[in-house]
Amino acid sequence: MNKAEAKQRIEKLKEEINSHRYMYHVLDKLDISDAAFDTLKNELEELELKHPDLITSDSPTQRVGGEPLDEFKKVEHVVPMLSLNDAFGEEEIKAWQERIQKLVPNAKLDYFCELKLDGLAASLIYENGVFTRGATRGDGKTGEDVTQNLKTIQSIPLRLRLPTEAELEKEGFGTGQIKKILAAVKSGKVEIRGEAVMTKKVFEALNRQYKKEGKPLLANPRNGAAGSIRQLDSKITAERQLDFYVYALISDLGQETHGQEHKIAKAIGFKTIFQNQYSKDLSAVMKFHERWVRQRENLPFECDGVVVVVNNLNLHKKLGVVGKAPRWMQAYKFSGKEATTIVEDIILQVGRTGILTPVAVLEPVNVGGVTVARATLHNEDEIRRLNLKIGDTVIVRRAGDVIPDIIKVLPKLRTGKEKKFQMPKTCPMCGGRVVRAEGEVAHRCANKNCFAVSRRNLIHFVSKGAMDIEGLGGKIIDQLMREGLVRDPADIYDLAEGDLVPLERFAEKATQNLIEAIDKSREVPLTKFINALGILHVGEETAVDLANHFGGIHKLAQASINELSSIANIGEVVAKSIYEWFTSAKNQKLLARLLKAVKIINPKIKKKNQTLKGLTIVLTGELESLSREQAKQLIRERGGDVSSSVSAKTDLVVAGAEPGSKYDKARDLGVKIIGEEEFLNLIK
Ligand code: IVH
C-alpha cells in the first residue's frame, strides 16, 4: 500500500470506527461486535504506526494521551461559566417567576426543564469541526485544560457530526438557522458545555473491581467523575469510562430557544438527555419535578434536581446575571437523598437459606422524596463497623437501586440509653439454633424448614379469609422476605413506599397499589383478625366462635384453658393451642405490634334472628347476588356455622353456579342441597 492509498484507507477507517462509536456511545445502540470493532481499530493503529505523519488529533487512536502531565494548563473562559441559584420548593420557584416577570412584564414565560446531573461541568471547543480544547469550570473565569482527559470520553465526538439539511428542517429549523449551523460545524468555532458523569453502573462495577484489587474505593459517582477528569494520567481517566451530556450551546448557531440548543447539540453528535422537556408554564415545571423526585432512582446517573431554564433566549439578555448566577435559570433541587433518623430497633430477617440479616427499624423519614422505615445492616460485622446501637441517631442514604443503607452513626447525639445489639442464640422465626460458620460473616438458622414456615404464615396472614391484602401473593412475599423487609406479619404494616420502589417489579404504580391495599386492610373484623394470627387448629369457624364468645381480642388473649374449653365447638387440644399462642412472649410482641397497626371493627357479630342456629353449612360454586364472604357472614349472623368441607355432619349445602366436588359428595352422602334462591329465602 503506497502512502496515498494508506491515507485513503486511514480516512475510511476513521469514519467507520467513528460511526460505530457514535451508534454505541451516543445513541446507545449496538451495531457491531467488540471483536469486529477491535479489528478495525487495530488496522488503523498499524497504518498510523507506519505513517505517523498521517495521525490527526481527531483519530480514534488519540483518545488516550501519552505521558502523564506534570500539571494542567490554565485557560480563560471567554464566556464565563456561571453557577446556578438553588430553589428548594414550589414557593421558591414561584417567587423566582414573579421576580423575573417583573423585569419582563410583557413576556410570556415558558421553560425548558432539564435533569441536573451530579458530575463535573466542562466546556468543549471545536474549531473547523475538530475538538481542540476542553476545560473545567474552575472559578468560572479561569479553568484547567483537561482536553486529553475529556478525549477519553467516548460520547464526546473528536469531530462534530455534520447533520443533513433535511434532518434540521425536520427539527423545525429555518433556512437561515440551517446555514449557520452547517457553516459553524464545517469551518467555525463552536463552544458547547455539559456535564461529565460516571453512571451508577460503572461506579458499582469499578468499586467491585477496586475492592478485589485492594485499591481505594470511589466515594460516589460524582467524586468518581470529578476525580477522573482531574487525573494527570489520561490512561486512568480512560479506565473510568465516563459519559458526557450537553446542557448548553454557547456559540451563536442561530438558536432562538434553549430547547433549540439541545436540538442542535444532538444533531451535531452529542448526547443530550432525552428526558429533558419543554414546559409551557410553571405547572408543567412542577409536574416534571414531581415525576423525577419519584423516578430519579431509575435513572442511569445521579441526578440531584431539575434545572429550569427560561426558553426564549431573547429574554436571557434582558434578564441578565446577578453575581455569578443568571436570572434566567434556577436549580430546583431535590431534597437530599440522605437524612438523619433514629434506629428504633434492630430485627432479624431470615432468608431462604437460613441466613439471618439484621435490619434496622427506623423512625420513618423522608429521604429524597420517599418515606423510608427500614435499612439493611447486612451482617453483624457491619453493625460493629458502624458501631451502631439501638436508639442511635444515624444518617441513612438511598443510593442506586438498593434498599437504604445506614452510612454513619452520630455518636455525639447519644443519651446513654442506647442499647447494644446482640445476635440471638436462637432464630427469631422458628426458635432453631443460630450458628456462625467458621470464616463466614453470616449467621444462619440451623433449622432447614425455618423460612418455609414463616412464609406459610405470611401467606395465610394476607389471604382472603384473614387480612385480605389484595395483590400480596407468594412471589412478592418471597421478595420482601429476601430483601429483609418482611419477617413477620407485623412487618407488613411497617412497609413504606421508599422500601418498595427500589425493588425489582415495583414500579411506582405497583408500589402505590400495594401500599393502598395494606392500608385498606388496617380495618379488620375481629373474626378475620383472629384467623389471620395463624394459631394452630384455629381456622375461620373457630375464629367466629372465639369472636362471638369474647367480643374483643384482649379478653381472648387473657383467657384460661378452662374458659376456652368451655366454649361450644372448642375442645381441649384447641384450647391449649390458643392458650399457648397467647402466652408466648414472641407472639405477645407480635400482637402488640399488630394492634398498633390495625383497627379491629364490629368486634361482635350482630345477632339476627337465629334461623340457622346449630346448622353446619357448606358453600360451593359461585353465587350470583353475593360474594362468598358476604354469604358466610349472613350465615354466621343467623347462628349457622360455615364449613369448608362436606361430611356426614354437614346439614346443608348451598350450591351456586358451577359447583365443585363438594356438590357430588353432598349428593353421595344424601346431604340436603339448596340453590341460591332458596338460600336467600331462608335468610330473609
Ligand atoms: S446549566 C449557570 N444545566 O450544575 C450555568 N448545569 O449548580 C450552569 N449541572 O456548574 C449550567 N446539570 O455543573 C446546567 N442541566 C444542567 C446541569 C447543570 C448539571 C451542573 C453544572 C453546573 C452546576 C451548577
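The values are calculated or read from the model by the stated rules, or taken from the named source; none is laboratory data. Fair warning: this is a prediction, and the values are worked out from it, not measured in the lab. We place every Cβ from the backbone using ideal geometry, glycine too, and count neighbours over all the protein chains shown. Remember, those area values only see protein heavy atoms, side chains included, never the ligands or the DNA or RNA. Shrake-Rupley method; radii C 1.70, N 1.55, O 1.52, S 1.80 Å.
Worth a mention:
- Part-to-part distance (alpha-carbon centres) for segment 5-82 and segment 281-309, which is given in Å: 35 Å
- Left without a cysteine partner by the 4.7 Å Cβ rule in the chain: Cys113, Cys303.
- Restricting segment 39-111 to chymotrypsin sites (Phe, Trp or Tyr not before Pro) that sit in a DSSP loop and have at most 15 other Cβ atoms within 10 Å of their own Cβ leaves Phe88.
- Size of the chain as Cα extents on the principal axes (Å, biggest first): 102, 62, 58
- Using the Cβ-Cβ distance between Ala6 and Glu67 with R0 = 22 Å, the FRET efficiency computed as 1/(1 + (r/R0)^6) comes to roughly 0.25.
- Lysines whose Cα lies under 27 Å from that of Lys102, excluding same-chain neighbours fewer than 8 positions away: Lys94, Lys116, Lys280, Lys287, Lys317, Lys318, Lys324, Lys333
- Where only C-alpha atoms are counted, convex hull volume of segment 364-484 per residue in Å³: 161 Å³
- Relative contact order, percent, the chain [alpha-carbon distance under 8 Å, six or more residues apart]: 9 percent
- Table column - 3J(HN,Hα) (Hz), segment 234-248, Karplus curve with 6.51, -1.76, 1.60, x for Gly and Pro: 5, 5, 5, 4, 4, 4, 7, 6, 6, 10, 9, 10, 7, 10, 7
- Förster radius 35 Å - calculated FRET efficiency between Glu363 and Tyr210, Cβ distance, rounded to 0.05: 0.50
- Translational D in µm²/s for segment 269-325 (Stokes-Einstein at 37 °C, 0.692 mPa s, Kirkwood Rh from C-alpha pairs): 242 µm²/s
- Amide H partners (placed H, <5 Å) of Gly305, local residues excluded: Lys116, Phe334
- Once the Cα-Cα distance is subtracted from the 0.36 nm per residue extended length, the Leu54 to Leu103 segment shows a gain of 12.1 nm.
- Computed FRET value (nearest 0.05) for Lys613 with Ser645, which takes r as the C-beta separation and R₀ as 25 Å: 0.75
- Normalised convex hull volume, segment 118-215, alpha-carbon set, Å³ per residue: 147 Å³
- Spin-label pair Asn681-Leu595: with each label point 7 Å from Cα along the Cα-Cβ axis, the two points sit 4.7 nm from one another.
- Ranking by accessible area, most exposed first, for Tyr24, Tyr247 with a 1.4 Å probe: Tyr24, Tyr247
- Since only Ala666, Val654, Leu612 are under comparison, the one whose Cα sits farthest along the positive direction of the charge dipole of segment 609-684, derived from C-beta charges on Lys, Arg, Asp and Glu, is Leu612.
- Taking the 1.4 Å solvent-accessible surface of segment 429-484 as the whole, the part contributed by carbon and sulfur is 48%.
- Cα centroid of segment 225-279 to Cα centroid of segment 453-516, whole Å: 42 Å
- Interatomic Cα distance distribution for segment 55-182, bins of 5 angstrom, percent: 2, 8, 12, 13, 15, 15, 14, 11, 6, 3, 1, 0
- Length-normalised contact order for segment 530-608 - Cα pairs under 8 Å, 6+ apart - percent: 33 percent
- Nonlocal Lys pairs with alpha-carbon distance under 19 Å, segment 530-662 (8 or more apart, or different chains): 20
- Among Leu485, Ala375, Ser560 - extreme Cα towards positive end, dipole of the chain, charges at beta-carbon: Ser560
- Sparse packing (at most 15 other Cβ atoms within 10 Å of the Cβ) combined with a DSSP loop state is found for the following trypsin sites (Lys or Arg not before Pro) in segment 272-335: Lys280, Lys324.
- Probe 1.4 Å, protein heavy atoms only - accessible area per residue of the chain in square angstrom: 50 Å²
- Once both labels are positioned 7 Å from their Cα atoms along Cα-to-Cβ, the gap between Glu46 and Lys29 label points is 3.1 nm.
- Inter-centroid distance (Cα atoms) of segment 151-217 relative to segment 629-684, Å: 72 Å
- Convex hull volume of the C-alpha atoms in segment 295-395, normalised per residue: 158 Å³.
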